[in-house]
Amino acid sequence: MKPHQSPVINEKKKTIAFYIENPCADHISLTGSFNHWAKDDLPLIPERDGLWSIEIPMLPHGKYHYKFLIDDRMLMEDIENQYREPDGVTGWNSVLEV
């Protein structure tokens with residue numbers, strides 16, 4: 001498993017971790033159906049070599065759509081997650097099933 005595979009469900013800790021590599025970003029947030037697409041509720045933490053991460057509490061069982069918001073300007077799907085569905089506009093939502 002790559003250290004930045006995303007998302008990572010940890011049943012033992014009851015958390016879900018999300019990762020994105022972007023060395024050029026100043027701010028990245030996680031937004032999705034689990035937080036009503038709020039833009040600033042879930043900021044990622046910059047780590048090393050352009051890696052950003054966030055760990056959230058386990059979500060109830062179900063299917064969720066999400067994206068990353070880069071610098072409050074650009075929504076981007078999670079390229080490390082192969083599961084995605086059309087977002088209804090011109091792009092993709094990443095899909096998380098818990």
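Bear in mind that the values in this text are calculations on the coordinates, not laboratory data. Since the structure is predicted, the reported quantities are computational estimates derived from the model, not experimental observations. In this analysis, Cβ positions are derived from the backbone assuming ideal geometry, glycine residues included, and neighbour counts consider all displayed protein chains.
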Requested in this report: For each of 78, 40, count neighbouring Cβ atoms within 10 Å of the residue's Cβ, then give the residues from fewest to most.
Outcome: 40, 78
Requested in this report: Mind checking the stretch 6-67 for trypsin sites (Lys or Arg not before Pro) that DSSP puts in a loop (not H, G, I, E or B) and that have at most 10 other Cβ atoms within 10 Å?
Outcome: 12, 14, 48
Report task. On each of the three principal axes of the Cα atoms of the stretch 8-97, give max minus min coordinate, whole Å, ordered largest first. Result -> 34, 33, 23
**Report entry** Fluctuation leader among 69, 59, 44 - the chain, Gaussian network, Cα springs under 10 angstrom
**Finding:** 59
Requested in this report: Using Cα positions and a limit of under 15 Å, work out the aspartates and glutamates in reach of residue 13, with same-chain residues fewer than 8 apart set aside.
Outcome: 55
**Report entry** Fewest-first ranking of 64, 19, using other Cβ atoms within 10 Å as the exposure measure
**Finding:** 64, 19
Report summary line: FRET efficiency for residue 9 and residue 47 from the Cβ-Cβ distance with R0 = 25 Å, rounded to 0.05, comes out at 0.80
